[in-house]
Amino acid sequence: MELTGELAGELAHLVGDDAVVTEGIAAYGADSTEGRGLRGRPQAVVLPSSAGAVARVVAWCYHHGVPMVPRGGGTGFAGGAVPTEDAVVVSLERLRRVRAFDPLMWRAHVEAGLTTGEVQRLARESGLDFPPNPGAAEQSQIGGNIATNAGGPRSFKYGATGDWVTGLEAVVAPGELITVGGPARRDVAGYDLRRLLIGSEGTLGIVTAAWLRLLPAPEARLPVVALHPDAASGCAALERVLGSGIRAASLEFLDEATIAIAGHSFPGDAAVAGFMTLAEADGSPEEVARMRSELAEALGEGATRVLSPTDTDQVARIVSWRDGVSLTVSAQRGGKLSEDVAVPLDRLAEAMAEVKAIAGRQRLETCAWGHAGDGIIHASFLVDRTNEAQLDRAHAAAADLFGLAIRLGGTVTGEHGIGLAKAGRLQEQWPARAVELHEQVKRVFDPKGLFNPGKKLARPSS
Ligand SMILES: Cc1cc2nc3c(=O)[nH]c(=O)nc-3n(C[C@H](O)[C@H](O)[C@H](O)COP(=O)(O)OP(=O)(O)OC[C@H]3O[C@@H](n4cnc5c(N)ncnc54)[C@H](O)[C@@H]3O)c2cc1C
């Protein structure tokens, strides 16, 4: 169907006038990749309030050959929610019901549009925990977290969002509402379609609700921070934590350049070091006390300073300082091209040295931090956004970075997904037959190619 102004009328007929956005449509044209120049303009934006309404929109779009872009909180770092090809944006923000909450059974059944923070608070009010903790908790939605299989610092111990999803409700082509899995914690019947939808970045269907499993919340959480003379000794300390069998909740790192930018605002004394490691101990007060001293010992060998604060205010300030590192780097240095490659932890030191070398070859400044426990490196190449030549060099550096991650046994994206930003990169990482299977899966779910076109492509579109 040719996309015209009539489209809004057709959609209003399906979901009601108040569910078709007529003003401020541009706000749905970008996500957190806007700073790297990714932006589109949707043909229309709909805000369905129920799974049934989502199904009606998908059925209509599928029948008329209209592309759709599912949208959660728009915090994605891969451009997955950026509309291309005159798409209709299907924003899940009105699917906000908690359909069931059974604290005694440690589970919740929630709609896709609840934010991560809302789900975490729901759990916490009953002494439970929803462990996945991606950074933008007040904006990102459960549906978006499922679609990107979002992780966060605590994924080291607890896994990513998908590990907490026992069932999904989704609208798939040509507009049918299906459920795969449910409240039961184990289900091995059939191929794991639930897992296929998790991390599919809106390219196989639209998630409308999920059954989540929860855990009794740990009674205490405390950080241990160590400053190291250089990356090699810091990475050795991280490996010692694993080698000592310490089950820290998170294991993070910041390199020297990041500390130079953000270290002045480190709570307490400014941090000056060649490398910083941060770990979190959680559990009962006794477990936390034991783990803190084990972490201090493992991270402390050869370190110049070790902090293991217990004061609630200082702990909160350290957590919020770490959460703000990315924004501090952006604010102080202007533009940056940030990637999210991952490598096995025992290759982290090598990777850190290579990232510096890559930046040096392209005459760029770089800094890196990340979720060391999962080997995720947020490597940033700092740029002046008005300098085209520098931007080109940053993209060349990113390409080298992807090659490095693959060579070290890792991945081009350990956290944010392929989206639009890394479309086509999968073929560099996977064997040809696996790439074919990836493409066949897409065709089986979406024969007309209307769910989030141009995203999560295994090879560049021709
Ligand atoms: C400050 C900050 C910190 C962050 N920290 C982390 C972190 O620690 N770990 C991490 O993994 N990520 C992190 N992110 C990235 C981002 O928050 C996650 O990818 C998040 O899960 C995206 O959720 P969203 O609701 O904003 O999705 P969106 O950005 O709206 O969409 C992301 C993708 O999911 C698809 N999608 C959204 N909702 C649905 C749905 N209901 N059904 C099907 N497809 C859907 C979209 O089409 C798109 O492809 C961070 C982002 C910011 C801005």
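Numerical summary
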read-out: Residue pairs meeting the criteria (Cβ under 8 Å; at least 6 apart or on separate chains; first closer than 21 Å to PRO67 by Cβ, in the stretch 196-216; second of a type in the set (Val, Ile, Thr) and assigned to a loop (DSSP other than H, G, I, E, B)); value: GLU201/ILE418
read-out: Number of the condition not met by ALA147 [criteria: (1) within 8 Å of the ligand (Cβ to nearest atom); (2) of a type in the set (A, V, I, L, M); (3) in contact with a Ser or Thr (Cβ under 6 Å, 6 or more places away or on another chain)]; value: (3)
read-out: Lone unmet requirement of (1) away from the ligand (no atom under 12 Å from the Cβ); (2) surrounded by 20 or more Cβ atoms within 10 Å (Cβ to Cβ); (3) under 21 Å from the mean Cα position of the chain (by Cα); (4) among the charged types (D, E, K, R) for ARG107; value: (3)
read-out: Subset of the stretch 420-462 [aliphatic (A, V, I, L, M) and assigned to a helix (DSSP H, G or I)]; value: LEU426, ALA432, ALA434, VAL435, LEU437, VAL441, VAL444
read-out: Condition met for THR328 (of a type in the set (Ser, Thr, Tyr), out of contact with any helix residue (DSSP H, G or I) (no Cβ under 6 Å at 6 or more places or on another chain) and farther than 17 Å from ARG247 by Cβ); value: no
read-out: Selection status of LYS422, farther than 30 Å from GLY335 by Cα and within 22 Å of the chain's Cα centre (by Cα); value: no
read-out: Single residue of ARG71, ARG56 found to be basic (Lys, Arg), away from the ligand (no atom under 13 Å from the Cβ) and either in contact with a Phe, Trp or Tyr (Cβ under 9 Å, 6 or more places away or on another chain) or touching a residue at least 12 places away in the same chain (Cβ under 8 Å) (or both); value: ARG56
read-out: Filtered residue count, the stretch 392-406, keeping only those that are of a type outside the set (D, E, K, R) and either surrounded by 19 or more Cβ atoms within 10 Å (Cβ to Cβ) or within 14 Å of the ligand (Cβ to nearest atom) (or both); value: 7
read-out: Residues satisfying the stated conditions in the stretch 51-74, i.e. assigned to a loop (DSSP other than H, G, I, E, B) and closer than 19 Å to GLY9 by Cα; value: GLY65, VAL66, PRO67
read-out: The lone exception for GLU252 - which of (1) crowded, with 22+ Cβ neighbours inside 10 Å; (2) more than 27 Å from the chain's Cα centre (by Cα) it fails; value: (2)
read-out: Qualifying residue in the stretch 445-456 (condition: basic (Lys, Arg), under 25 Å from ALA150 (Cβ atoms) and away from the ligand (no atom under 13 Å from the Cβ)); value: no
read-out: Pick from the stretch 407-432, criterion aliphatic (A, V, I, L, M) and crowded, with 17+ Cβ neighbours inside 10 Å, ranking: farthest from GLY79 (Cα to Cα); value: LEU408
read-out: Residue satisfying all of: in the stretch 323-371; farther than 21 Å from ARG36 by Cα and buried (at least 23 other Cβ atoms within 10 Å of the Cβ); nearest to the ligand (Cβ to nearest atom) among these; value: HIS371
read-out: Condition met for THR84 (of a type in the set (S, T, N, Q), under 21 Å from ALA150 (Cβ atoms) and assigned to a loop (DSSP other than H, G, I, E, B)); value: no
read-out: ALA226 being small (Gly, Ala, Ser), at pLDDT 95 or above and part of a strand (DSSP E or B); value: yes
read-out: Of residues in the stretch 324-382 being of a type outside the set (A, V, I, L, M), over 20 Å from the mean Cα position of the chain (by Cα) and not in a helix (DSSP H, G or I), the one modelled with the lowest pLDDT; value: GLY334
read-out: Elements of type helices (runs of 4 or more DSSP H) contained in the stretch 88-203, each with 3 or more residues being farther than 23 Å from ALA51 by Cα; value: 116-125, 155-158
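So that you can scan it fast, the table gives a plain yes or no per residue for (1) in contact (Cβ under 8 Å) with a residue 40 or more places away in the chain; (2) crowded, with 21+ Cβ neighbours inside 10 Å:
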{"residue": "CYS61", "(1), (2)": "yes, yes"}
{"residue": "ALA81", "(1), (2)": "yes, yes"}
{"residue": "VAL88", "(1), (2)": "yes, yes"}
{"residue": "ARG94", "(1), (2)": "yes, no"}
{"residue": "PHE101", "(1), (2)": "no, no"}
{"residue": "GLU111", "(1), (2)": "yes, yes"}
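The values are calculated or read from the model by the stated rules, or taken from the named source; none is laboratory data. Being a predicted model, the structure only gives us computed values, none of them experimental. Here Cβ is always computed from backbone atoms with ideal geometry, including for glycine, and neighbour counts include all displayed protein chains.
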